[in-house]
Amino acid sequence: MNELVLRAKLILADMFKINICHFENHTSRKVNVIEARRFLIFFLREEMEIKYEEIVTYCPAIKNHATAIYHFKMLSNYILVEPKTKQKYDLFHNRMIDCPTNFVERQIMEMTNERKKINNQLYKLKKLL
């Protein structure tokens, strides 16, 4: 199940152009970050039937189950009222179903390259000390 949640996080991070760490830490209030979390909560509750209390463990940026309930209800209403939101969720849902393994591998490669750059910068800063 953790692999499925990780895949959902990677797809949402790609769709909303955010870093995957925004699902772990509550460091941003930008609209795209909140919307990505909302999509994740809705997916976990609607598709995977995970309890609200357990959603907090899969998305630590959400502090308690009441926040998960709020986001679930908000996205439920948005899907009914806003066609663009429904289309976006359907796109996410289709990508979750049809997700090839090369997508996950590509994300891993990008994150590995990013880590190498950060390690290189840390090395240069340590040399200055």
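For region 1-36, give me the residue count where each residue is part of a helix (DSSP H, G or I) and within 10 Å of the chain's Cα centre (by Cα).
Number satisfying all stated conditions: 20.
With the structure loaded, tell me whether R37 is crowded, with 20+ Cβ neighbours inside 10 Å and either touching a strand residue (DSSP E or B) at 6+ places or on another chain (Cβ under 8 Å) or closer than 18 Å to N19 by Cβ (or both) or whether it fails that test.
Criteria met by R37.
Only one of these conditions is not met by I118: (1) in the same structural domain as F23 (by TED's automatic domain parsing); (2) over 14 Å from the mean Cα position of the chain (by Cα); (3) closer than 19 Å to N19 by Cα. Which number is it?
With (1) in the same structural domain as F23 (by TED's automatic domain parsing); (2) over 14 Å from the mean Cα position of the chain (by Cα); (3) closer than 19 Å to N19 by Cα applied to I118, the lone miss is (1).
Does any residue in region 20-36 that is within 19 Å of E82 (Cβ to Cβ) come within less than 7 Å, Cβ to Cβ, of a residue that is in a helix (DSSP H, G or I) and of a type in the set (A, V, I, L, M) six or more places away or on a different chain, and which pairs are these?
A36/L12; A36/A13
Could you identify the single residue in F39, F92, F43 that is of a type in the set (F, W, Y) and under 10 Å from the mean Cα position of the chain (by Cα)?
F39
Scan region 90-113 and give yes if some residue there is farther than 15 Å from L6 by Cα, touching a residue at least 12 places away in the same chain (Cβ under 8 Å) and surrounded by 12 or more Cβ atoms within 10 Å (Cβ to Cβ), otherwise no.
Yes, region 90-113 contains at least one residue that is farther than 15 Å from L6 by Cα, touching a residue at least 12 places away in the same chain (Cβ under 8 Å) and surrounded by 12 or more Cβ atoms within 10 Å (Cβ to Cβ).
Looking at region 1-14, I want the residues that are of a type in the set (V, I, T) and have a partner that is assigned to a helix (DSSP H, G or I) and surrounded by fewer than 17 Cβ atoms within 10 Å (Cβ to Cβ) with Cβ atoms under 7 Å, at least 6 apart or on another chain. Which pairs are those?
As it stands, the answer is I11/M96, since those pairs meet every condition given.
Tell me, yes or no, whether region 54-71 has at least one residue that is aliphatic (A, V, I, L, M), touching a residue at least 40 places away in the same chain (Cβ under 8 Å) and either assigned to a helix (DSSP H, G or I) or closer than 17 Å to N2 by Cα (or both).
Looking for residues that are aliphatic (A, V, I, L, M), touching a residue at least 40 places away in the same chain (Cβ under 8 Å) and either assigned to a helix (DSSP H, G or I) or closer than 17 Å to N2 by Cα (or both), one finds none in region 54-71, hence no.
The values are calculated or read from the model by the stated rules, or taken from the named source; none is laboratory data. Nothing here was measured: the structure is a model prediction, and the numbers come from that model. Positions of Cβ are generated from backbone atoms using ideal geometry, with glycine treated the same way; all protein chains shown enter the neighbour counts.
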